[in-house]
């Protein structure tokens with residue numbers, strides 16, 4: 001499975017403006033809705049689902065990475081948004097550090113296998129410090145997409 005299979009190219013931001021966990025999730029969900037990856041009518045429901053998941057335990061895994069994720073019956077396929085924050089956001093990370101790279105993953109209710117594979121794929125990709133540093137310093141959305149595609153070419 002490749003990230004390009006589920007990452008919505010129009011739901012990428014090289015400069016998230018949000019300063020709280022809730023705002024980051026809302027901004028990424030807005031990107032997904034504006035790009036047509038999800039129906040605009042389910043935005044608030046999706047934010048609710050993602051925040052409920054965060055309440056169970058933070059999806060910030062340390063090293064400046066957060067992978068908020070959830071399942072929603074109004075989503076027909078696995079889809080993701082990717083955002084980078086220049087200033088970092090307190091996301092209740094395991095290491096206490098701010099998160100800079102946010103991969104928001106949304107899946108249909110019945111997609112346990114693909115959902116877990118996607119989480120594992122994202123985690124593997126973001127383990128590479130060089131890749132994380134390049135993402136954080138990317139100048140724009142095109143750079144981010146190129147980095148993801150290049151890295152996948154090497155690790156796929």
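None of the figures in this text is laboratory data; all of them are computed from the coordinates on show. Since the model is a prediction, treat every value here as computed from it, not as a measurement. Virtual Cβ from ideal backbone geometry, glycine too; neighbours counted across all protein chains shown.
Under a Gaussian network description of the chain, with springs only between Cα atoms under 10 Å, the residue in 21, 77, 41 that fluctuates furthest is 41. The distance from the alpha carbon centre of segment 124-142 to that of segment 1-77 is 18 Å, rounded to a whole number. A straight chain from residue 35 to residue 139 at 0.36 nm per residue would run longer than the Cα-Cα distance by 35.4 nm. The value of relative contact order for the chain, using C-alpha pairs under 8 Å at least six residues apart, is 27 percent.
Using a Gaussian network model of the chain in which every pair of alpha carbons under 10 angstrom is joined by a spring, one finds that among 98, 114, 68 the greatest mean-square fluctuation is at 114.
Translational diffusion of the chain was estimated from the Stokes-Einstein equation, with Rh taken as the Kirkwood radius over Cα pairs; at 4 °C and 1.567 mPa s the coefficient is 85 µm²/s. Note on residue 74 and residue 4: with the Förster distance fixed at 41 Å, the Cβ-Cβ geometry gives a FRET efficiency of about 0.95.
Adding -39500 (n - 2.57) for every DSSP H run of four residues or longer, then dividing by how many residues the chain holds, sets the calculated 222 nm ellipticity at -13500 deg cm²/dmol.
Potential lengthening of the chain between residue 116 and residue 19 amounts to 32.1 nm, from the contour at 0.36 nm per residue minus the alpha-carbon distance.
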